[in-house]
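Please treat every number below as a calculation from the coordinates, not as lab data. Everything numeric here is computed off the predicted structure, so don't read it as measured data. Cβ placement follows ideal geometry from the backbone for every residue including glycine, while neighbour counts extend to all protein chains displayed.
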Amino acid sequence: MEYEAVIGMEVHVEINTKSKVFCACNNDFHAPPNTHVCPVCLGMPGVLPVLNIGMVEASVAVGLALNCKISRWSKMDRKNYFYPDLAKNYQISQYDLPLCHDGEMEIDIEGGTKRIGITRAHMEEDTARNTHTIGTRESGVDFNRCGVPLLEIVTEPDIRSADEAFAYLTALKQILQYLDVSDCNMEEGSLRAEANISIRPKGTVEFGTKTEVKNVASFSGVHKAIDFEIRRQRAALDKGDAIVQETRGWDADKGITFVQRSKESAHDYRYFPDPDLVPVVVDEAWEQRIRESLPELPRARNHRFQAEYALSPYDAGVVTSTRAMADYYEATVKAGAPAKLAANWIMGDLQGMLVERKLDIAQCPVTAASLGEMIRLIEDGTINGKIAKDLLPEMIDSGKSADLLVKEKGLVQISDRGELEAIVRGVLDANPGPVEDFKAGKDRAKGFLVGQIMKATKGKGNPKLVNEILERLLAS
Amino acid sequence: MSRITEKDVDYVAGLAQLVLDGPTKAKMVKDLGEILGYIDKLNELDTTGVEPMMHVLDMSNVYRQDVVGESLTQDQALKNAPKTDGAYFLVPRILDGEH
């Protein structure tokens, strides 16, 4: 039978406020264990949590970027369970009145775009980190992560394939990074994705029984886990087996999902309003202030780059992949570089050299103004493209400007017709064999001659002129 | 007539990780039943047109500015721990996956 997958995603993202969500402890949990802790996040009795306004504003910003409605009135609730990652036996979260709800996001799929509904985005606290490497009989608990602000973003079951899930996660991460609310590092757990997956006979409306896959460490892992789960469920149904509602983990080494918890042992969390925390009221004026502070978002910027700079959809996509790169690109163009050339240099040579040096474009030693100046030097014929390719790494490593390096090293391109013609004649006289070959119709010989000429000019020959002179002399 | 059975008490006690003996259980069946009876009584009131109360506190928007303050030292944090290796709180080994 032909089946269709129905997938909803839950993403937990750690928000990068300076302090934790309900106390003033440092929100950097990469410190020695239990050093960023206080009575509030340790869950001592009698303490009073107070909500961090930075978390509310970051959450509203995310909600607005995901086209959500912002609740005028929402509250914090207690989710009750016993587990050593939470000393007070409840997690502060939001239950029936989340801060953001009913949004949507557009993703690119093969042959077009698709809307993914955002059910809700709500505020909560992260839990302590358990470590199982201490001994065979004990686990260690580090409360540095407890109370780190967490935003949970839940989609409608609108996703139909592993590819769409991957596209959704990529687009969501891009938005979160543009908003600068999280570093979205999946390996370190600052972004965690879970997928609810079921399948149903194609063309039917009713949902099948779903499984939840969690603890996946990368987007490609999520992609593989979803693919595996769809195949597993299809095989089960084809055999006449029922799907069991359960939580499954992902074994990246074996490439399989496995049962972690069945529904029978699932918890009844007995949510109720947290009497320690007062309601969150976001009025229109506050919402508007946050809306006005939003940066231009990736899709809008992508479309504007296509319109304003005549970039292809591909180039615009690459250049706007991160906010830092898009900023850098725009600054390069503003410095006078032609739009298409700037995109080529940034996506190609510059990006490659930065990757080699393990640098992010935000840390690029060559300023956008400096790159713009280098591209202008090519444009006005001062240097040729080949010289520029050698120049760029030196600019990165020395921090010197293109202009200065060109002067220091005498790299100005030879565009003097007489000087070039003399060099070309010299090369032709020294290479009678290839000249004969060319005249006998072997085009490849011309490439060799051009190479010899560029060598003789130390790469500084104006390529257009060299070509022109060479063709004229060979034809004579 | 109680709306609460011993099974309900066992379920709630289980969620709260409580072990109740026979007499306590019987008392709980009675007490919880009476509480629900009281709720039934409240339900007799006509609340048409009354705004639902979502929270017990009649105030809103009390926040902390996003500023880092002082934390405890590791020694202080671990001082009351039943068991520690000097860096972590130690608990009986956890086998189950995380929540």
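Below are the figures for this structure:
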item	result
Top-ranked residue in region A:58-71 [being without any contact (Cβ under 8 Å) to a residue 60 or more places away in the chain and surrounded by 23 or more Cβ atoms within 10 Å (Cβ to Cβ); ranked as nearest to the other protein chains (Cβ to nearest Cβ)]	A:Gly63
Within region A:5-21, tally of residues that are more than 8 Å from chain B (Cβ to nearest Cβ) and over 20 Å from the mean Cα position of the chain (by Cα)	6
Residues of region B:55-66 satisfying the condition of being assigned to a loop (DSSP other than H, G, I, E, B) and either more than 17 Å from A:Leu97 (Cα to Cα) or more than 7 Å from chain A (Cβ to nearest Cβ) (or both)	B:Asp58, B:Val62, B:Gln65, B:Asp66
Qualifying residue in region A:143-156 (condition: within 30 Å of A:Asp85 (Cα to Cα) and touching a Pro at 6+ places or on another chain (Cβ under 7 Å))	yes
Which numbered condition B:Leu90 fails, given (1) surrounded by 14 or more Cβ atoms within 10 Å (Cβ to Cβ); (2) at the interface with another protein chain (Cβ under 7 Å from one of its Cβ atoms); (3) in a loop (DSSP other than H, G, I, E, B)	(3)
Within region A:368-426, tally of residues that are closer than 30 Å to A:Leu473 by Cα and not small (Gly, Ala, Ser)	23
Set B:Gly49, B:Gly33, B:Gly69: member being more than 9 Å from chain A (Cβ to nearest Cβ), of a type outside the set (D, E, K, R) and under 30 Å from A:Leu99 (Cα atoms)	B:Gly49
Any hit, region A:178-191, residues being buried (at least 18 other Cβ atoms within 10 Å of the Cβ), within 14 Å of chain B (Cβ to nearest Cβ), touching a residue at least 24 places away in the same chain (Cβ under 8 Å) and part of a strand (DSSP E or B)	no
Evaluation of A:Leu51 against (1) surrounded by fewer than 24 Cβ atoms within 10 Å (Cβ to Cβ); (2) out of contact with any Phe, Trp or Tyr (no Cβ under 7 Å at 6 or more places or on another chain); (3) in contact (Cβ under 8 Å) with a residue 12 or more places away in the chain (one fails), failing number	(2)
Test result for A:Lys114, within 22 Å of the chain's Cα centre (by Cα) and assigned to a strand (DSSP E or B)	yes
Test: residue in region A:266-276 that is surrounded by 19 or more Cβ atoms within 10 Å (Cβ to Cβ), in a strand (DSSP E or B) and within 14 Å of another protein chain (Cβ to nearest Cβ)	yes
Some residue of region A:50-57 being over 15 Å from A:Ala87 (Cα atoms), more than 9 Å from every other protein chain (Cβ to nearest Cβ) and among the charged types (D, E, K, R)	no
